1. Does LEU263 satisfy the condition of being in a helix (DSSP H, G or I) and free of Cβ contacts under 8 Å to residues at least 60 places away in the same chain?
2. For residues in the stretch 282-325 being open to solvent by 30 Å² or more (accessible area, probe 1.4 Å) and assigned to a helix (DSSP H, G or I), which is modelled with the lowest pLDDT?
3. Given the structure, is THR94 open to solvent by 10 Å² or more (accessible area, probe 1.4 Å) and under 25 Å from VAL62 (Cβ atoms)?
4. Residues that are touching a residue at least 60 places away in the same chain (Cβ under 8 Å) and of a type in the set (Ser, Thr, Tyr): list the strands (runs of 3 or more DSSP E) wholly contained in the stretch 84-188 that include at least 1 such residues.
5. Do we find that ASN130 is surrounded by 24 or more Cβ atoms within 10 Å (Cβ to Cβ) and not aliphatic (A, V, I, L, M) in this structure?
6. Inside the stretch 189-241, can you point out the residues that are among the β-branched types (Val, Ile, Thr), in a helix (DSSP H, G or I) and at pLDDT 95 or above?
7. Could you list, in sequence order, all residues of the stretch 423-468 that are in contact with a helix residue (DSSP H, G or I) (Cβ under 7 Å, 6 or more places away or on another chain), of a type in the set (A, V, I, L, M) and open to solvent by 40 Å² or more (accessible area, probe 1.4 Å)?
8. Which of the following residues is modelled with pLDDT of 95 or more and surrounded by 16 or more Cβ atoms within 10 Å (Cβ to Cβ): ALA394, ALA344?
Amino acid sequence: QVTCVEVVEAYVERIKEVNPLINAVVKDRFEEALQEARQVDKLLSESPGDDYLEEKFPLLGVPVTVKEAFSLHGMPNTSGLVNRRNVVATSDATVVSRLKQAGAIPLGVTNCSELCMWYESSNRVYGRTNNPYDLQRIVGGSSGGEGGVLAAACSVIGVGSDIGGSIRMPAFFNGVFGHKPTTGVVPNDGQFPNARGVRTSYLCTGPMCRYAEDLEPVLRVMAGPGVNRLKLNEKVSLEKIKFHCMDHDGGSVFVSPVDKEILQAQKKVVEHLEGELGVQVQRVAIRKMKYSFQIWSAMMSSMDSNGQEAQLFTDLLGDHGKPVWPLWELMKWLVGMSSHTLPAIALGLTEKLMKLNPGVNAKLVSMGKSLQEEMEALLGPDGVLLYPSHPTVAPRHHSPICTPFNFAYTAIFNVLGLPVTQCPLGLSSEGLPLGIQLVAASYNDHLTLAVARHLEKAFGGWVVPGKV
């Protein structure tokens, strides 16, 4: 009904309209995108039939945005690091290349936190991204620009990555869908920083979308040949899923208590599933979840099976340059002279402290391995766990520094390697997005995606910002 050029022009206009407020797109490629849209229209006019095109180019003409940490040819690739300010990608990350080959049209790259290791998307290269539902609040991180750009209806698909919740937190704070696939299926190549050592088992690349039904086709393209491991062709009977529900992590001393409205939203999901599907949602209390932050932290800094140590964050901050001394950077930051953000400096300091107690770390790694076995056994071939996405709705700017460990609610599933879909559940009394994580056993991504589609119909999914 409309041409591809009209679609791309509509999204370009939308970005120009709202980006001055939210600062999500940090570099655009509008001219190239419009040129690519013209080529799509030409292809459609000359095509022998739509079926052929649909099979060859499943995402033909669909506008996408890409987290700036991924290489997108001709676009900056700094990850918010000042000494990479002049780095421009000369090739495409594997997932970006696959999306382009499927016909998608990238509109530009979006903001992230410095080195993708914090849950507020703000850095000294591009500044801060604001939440479309309330500009005084964060979009989350590290794929925060993607969360904001999708929530503000500036893009159809977002490319995100997630090592501690970097897809799911922004999706939650911005009321959109995000999927962290089972570990090791979607390639991580072509992003900076990329994972090394043991962290290659925890970093996941995945799709972020406004609509639940878009997650699966995008995941298929991103996964490429690896998609067969995800059982996406299996039909899911929701009535046969064994649902489990956990309201909070059991009371970690490091993490805020879960907001009442988030618990209320989760309760409504349980009531809906029991009433609508006739299933019994089993309440569970998994004791080790209380140590989520400590387990994630220890496993992130452990050695891999070849004895290779995890890369130090302070080395990444230096990016092949002079080593960064976190304490010295903190002194410089206090007088406004550091080129790094406070969260990055703080992470460098805590990393040094983690090294001081190898005995405790080893114990926590072993606790993580036994938690993984417990979760796989609990979920089995047909289980889905309902679990809060975060203890609070989108916090105000800067406040995450006072609650630095709240990301534990998402992070634990990275080290467990499980697939998780973040699903929006309407807005809170303050007009901020609510949501829930849907977790399954490894390679059962099809279950969480099916439940997300069902909950979208029941709870309305994405809500246009400003419609409160």
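The values are calculated or read from the model by the stated rules, or taken from the named source; none is laboratory data. This structure is a prediction, so every number in the text was calculated from the model and none was measured. All Cβ positions, even for glycine, are placed from backbone atoms using ideal geometry, and neighbour counts span all protein chains on display. Side chains are part of the model used for accessible areas, which takes the heavy atoms of the whole protein and leaves out ligands, DNA and RNA. Shrake-Rupley method; radii C 1.70, N 1.55, O 1.52, S 1.80 Å.
1. Working: in a helix (DSSP H, G or I): yes; free of Cβ contacts under 8 Å to residues at least 60 places away in the same chain: no.
Considered against the rule, which asks whether it is in a helix (DSSP H, G or I) and free of Cβ contacts under 8 Å to residues at least 60 places away in the same chain, LEU263 comes out as no.
2. ASP315
3. On the way: open to solvent by 10 Å² or more (accessible area, probe 1.4 Å): yes; under 25 Å from VAL62 (Cβ atoms): yes.
When the stated conditions are applied, THR94 passes them.
4. So the answer is 105-110, 157-162.
5. Considered against the rule, which asks whether it is surrounded by 24 or more Cβ atoms within 10 Å (Cβ to Cβ) and not aliphatic (A, V, I, L, M), ASN130 comes out as no.
6. Initially, the stretch 189-241 is screened for residues among the β-branched types (Val, Ile, Thr), giving 198, 200, 205, 218, 221, 227, 236, 241.
From the residues that got through so far, the ones that are in a helix (DSSP H, G or I) too are 198, 200, 218, 221, 227.
Listed by number, the residues that qualify are VAL218, VAL221, VAL227.
7. Once the filter is applied, which keeps residues that are in contact with a helix residue (DSSP H, G or I) (Cβ under 7 Å, 6 or more places away or on another chain), of a type in the set (A, V, I, L, M) and open to solvent by 40 Å² or more (accessible area, probe 1.4 Å), the stretch 423-468 yields only ALA458.
8. Working: ALA344 fails: modelled with pLDDT of 95 or more.
The unique qualifying residue is ALA394.
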